[in-house]
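Notes follow once the structure below has been shown.
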Amino acid sequence: MVFPKNNLPSDSVPWGKEVENKISSIETAVNNNAINNSARDATNETSINNLLDLMADQVELRTYAVEYGYAEGATLSLTGSPGLPTPTYIDTSRLTIDVNLNKPRNLLINFSSYYSVQTTFPSTSVQYDWGISVEVYVDDVMVDYQNTGKSNNFGGTISGNVNDNGSINMVKIAPVSAGPHRVSIKESFSTASSSGATLINTSGDSLIVTVIQ
């Protein structure tokens, strides 16, 4: 602050100087307080934004899961020649998970399934094969694929059953943008044989999706 020209009597000059000093001190304190208040407001705003981000993370960084019980799996029985050489998709509509994100994230996708295949042969030489395929989709775009199966060409006379058992396990990290997303599974079976019957069964299908940073 600029003070006007001093017109005080000489004996009042010390008093005037003291008043000027007091006013200057007050002005400095006001300016410092304004700076401190601005810094405090900025710090508070940053803290609030960090807290909101943390709360959003607590909501979004979670795990979703859906599965078929062991009595709810898919079963397909095929008899005789040529079997089902073209893959046939089974109903996996329940193996679907929807997520909605407020910013880009990564989805950790886990899928597992147990399978059992029984081929029954008549008293004749026979060639047989079977296959199980699993496709993982995010928003109708396939992001992972796995196939398992068996193929045999027997040269002798075979009768009775051949049993195959195992599991399918898949892990995939898929980056996604902000917004709604759907993770889904498709499974297909295929067989081919010159005779006999093949029974394919899957059980305990499990889809787990974890939202990560």
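The values are calculated or read from the model by the stated rules, or taken from the named source; none is laboratory data. Keep in mind that this is a model prediction, so the values were computed, not measured. Neighbour counts are summed over all protein chains in view; Cβ atoms, including those assigned to glycine, are modelled from backbone coordinates with ideal geometry.
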(message) Gly204 - would you say it is touching a Gly at 6+ places or on another chain (Cβ under 9 Å), at pLDDT below 95 and farther than 19 Å from Ser133 by Cα?
(response) no
(request) Might you let me know whether region 159-176 holds any residue that is surrounded by fewer than 16 Cβ atoms within 10 Å (Cβ to Cβ), in the same structural domain as Ile97 (by TED's automatic domain parsing), modelled with pLDDT under 70 and on the phi < 0 side of the Ramachandran plot? (result) yes
(message) Which residue is surrounded by the fewest Cβ atoms within 10 Å (Cβ to Cβ), if the candidates are limited to region 117-144 and must be hydroxyl-bearing (Ser, Thr, Tyr) and at pLDDT below 95?
(response) Ser123
(message) Condition first: under 23 Å from Met170 (Cβ atoms) and at pLDDT below 70. Can you find one or more residues in region 148-157 that meet it?
(response) no
